[in-house]
Each structure stands twice: as structure tokens, then as C-alpha cells.
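I am attaching a structure below and will ask some questions about it afterwards.
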Amino acid sequence: MHEDVKQRMVEAGKILEQAGQGDWTRGHISVRVPDAPDRFYMKASKIGLEEITPDNLITVGLDGEKVAGDLGRHNEVYIHSEVLRARPDVNAVVHTHAPYAVSFSALGKPLQAIGHAGSIFSEGLPVFSQTTELITTAERGRAVAATLGGHGAMLLQNHGIVTAAASIEQAIYLALSLETACMMQLWVEAAGGAKALGKPEDVKAKRRHMFREEMFKATFAYLVRRLKRG
């Protein structure tokens, strides 16, 4: 089970980098250790998302301190430790500096359900605006977790995104979908803003279709196949 989790993290890192969310060495992925819920595997600092291997992952406790691994931990470890501490339903956390999402956050506008991806977040997308600095303390991590609440994704204003889910497949699905939704709205805003949006009942129906476990798993499996094709 541990090796399977680590392999999913390797694949997830490559998927995020391929999707343009790498930002050199600055993105992070974490997943709870299967038989130790107070610990989590995390990408190490100073390596790119696409450079993750089972051997260079580190293990971290919910206090944010590294307990195993040869490489260093990210100074924003508290995004992961505090979200995982606050949300026992969450097993995987992703934080990236997704460029369209960062750009969209500067507009100070709510995300609209312009396309399929936007409908996924139609029940609310929290925005953490307490600071635009890095989340380098447990106190800031707790504030991020409080803003996230029970949601699966959020924006960090002028900073990036956080997704939190029961599985790495779902966390990646949310990260990619949020970036797509922000990209679409930026295009529409550049053209003068949305003039036609779906009816609320249509948006809800679309969200039910898009937000399903089989969708998360099928999408992740496709993205892994695409990686192997090169």
C-alpha cells in the first residue's frame, strides 16, 4: 500500500508539471501515510514536481517536523500539516502556484461556472486573503485550513491554490479543474465579462456529473497514460 501511494505521488507530480503548474521547485504534494494518519508523505524541497521518486519523498508529522527522509522539507509545510490536522476526511493536499489561478485571484471576483470546470466549484470557492506572503508558520497554516473549511479547493490571493481531498486522484482533478476554470474566466473577462451563464439547476446537474469518484479516477488514469506516451 505504501509503495502504491508513493507511485501515485510520482505520477501526480509529473501530471502537475506537464499541466504548467510546476513553477520550478515550488509546488508541493502530500498524502497521509496509510497506517499512520498523524504522518504524511510529502515532496521534498529543492526538487521539481516531475523529479519526485519513491526514494526522495520525506515523511512529516502533523506538527510540521520531518521525521524521515534525506532531503529538506518545504517552508510552507504548514499548508499540509494544518489542513490534514483539521480535516480527518482529507488524505491528500496539493499546493501550486498555478498561473491562471494566481492571475484570477487578483481580480477579486467570484469564480463563475463558465464551463464544465467552473461548475465543480459552484458551491463555493474560498479565498484566503489574510496575507499574500508564504505560509511559513503553523498559525498561518491554521488560518488557511479555517478558510478552506469543508471545501475541496481554495485560492490563496496573489499566491496560488490549495486542493484537499480523500485521494490524490481527486486532489489532482481539483487542481487541474480549478486552473482551467480560472483560465476560462480570464478569457471571458478580457472580452468584457460573461453575458450568458447556465441556469442554476443546469449548473448543479453538471456539477453532480463532473464531481464523481469515477470521474476523478478515470481522469487520473488517462493523464498517467498520456505521460507514458510522452
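The values are calculated or read from the model by the stated rules, or taken from the named source; none is laboratory data. Bear in mind that the values here come from a model prediction, so they are computed numbers and not experimental data. Glycine gets a Cβ as well: all are built from the backbone with ideal geometry, and neighbour counts include every protein chain shown. Just so you know, the surface numbers come from the protein's heavy atoms only, side chains and all, with ligands and any DNA or RNA stripped out. Shrake-Rupley method; radii C 1.70, N 1.55, O 1.52, S 1.80 Å.
Please find, among Gly198, Gly150, the residue that is at pLDDT below 95 and either of a type in the set (Phe, Trp, Tyr) or not in a helix (DSSP H, G or I) (or both).
Unique residue meeting the criteria: Gly198.
Within the group Thr132, Thr163, which residue is under 18 Å from Leu111 (Cβ atoms), touching a Leu at 6+ places or on another chain (Cβ under 8 Å), at pLDDT 95 or above and not in a helix (DSSP H, G or I)?
On inspection, the qualifying residue turns out to be Thr163.
Can you report the number of residues in the stretch 150-176 which are over 20 Å from Tyr41 (Cβ atoms) and either open to solvent by 30 Å² or more (accessible area, probe 1.4 Å) or in contact with a Cys (Cβ under 7 Å, 6 or more places away or on another chain) (or both)?
5
Follow-up question, since we're still on this one. Considering only the stretch 1-27, state which residues are among the aliphatic types (A, V, I, L, M), closer than 15 Å to Arg225 by Cα and either open to solvent by 30 Å² or more (accessible area, probe 1.4 Å) or in a loop (DSSP other than H, G, I, E, B) (or both).
The answer is Ala19, and nothing else.
When you go through Ala145, Ala68 one by one, which is the residue that is of a type in the set (A, V, I, L, M, F, W, C) and in contact with a strand residue (DSSP E or B) (Cβ under 7 Å, 6 or more places away or on another chain)?
Ala68
When the stretch 184-195 is examined, which residues are found to be exposed (fewer than 13 other Cβ atoms within 10 Å of the Cβ) and not in a helix (DSSP H, G or I)?
The answer is Ala191, Gly192, Gly193, Lys195.
Residues of the stretch 64-81 being open to solvent by less than 10 Å² (accessible area, probe 1.4 Å) and assigned to a helix (DSSP H, G or I), which ones?
Across the stretch 64-81, the qualifying residues are Val77, Ile79, His80, Ser81.
Do any residues in the stretch 93-120 that are assigned to a helix (DSSP H, G or I) have Cβ atoms under 6 Å from those of residues that are charged (D, E, K, R) and open to solvent by 40 Å² or more (accessible area, probe 1.4 Å), where the two are at least six apart or on different chains, and which pairs are they?
Cβ pairs passing all conditions: Ser119/Lys206; Ser119/Arg207.
Continuing with this model, one more query. Provide a single number: the residues in the stretch 65-90 that are touching a residue at least 24 places away in the same chain (Cβ under 8 Å) and either aliphatic (A, V, I, L, M) or within 15 Å of Leu134 (Cα to Cα) (or both).
16
Within the stretch 28-63, restricting attention to residues that are of a type in the set (Ser, Thr, Tyr) and assigned to a strand (DSSP E or B), which residue is surrounded by the fewest Cβ atoms within 10 Å (Cβ to Cβ)?
Restricting to residues being of a type in the set (Ser, Thr, Tyr) and assigned to a strand (DSSP E or B), the top hit is Thr59.
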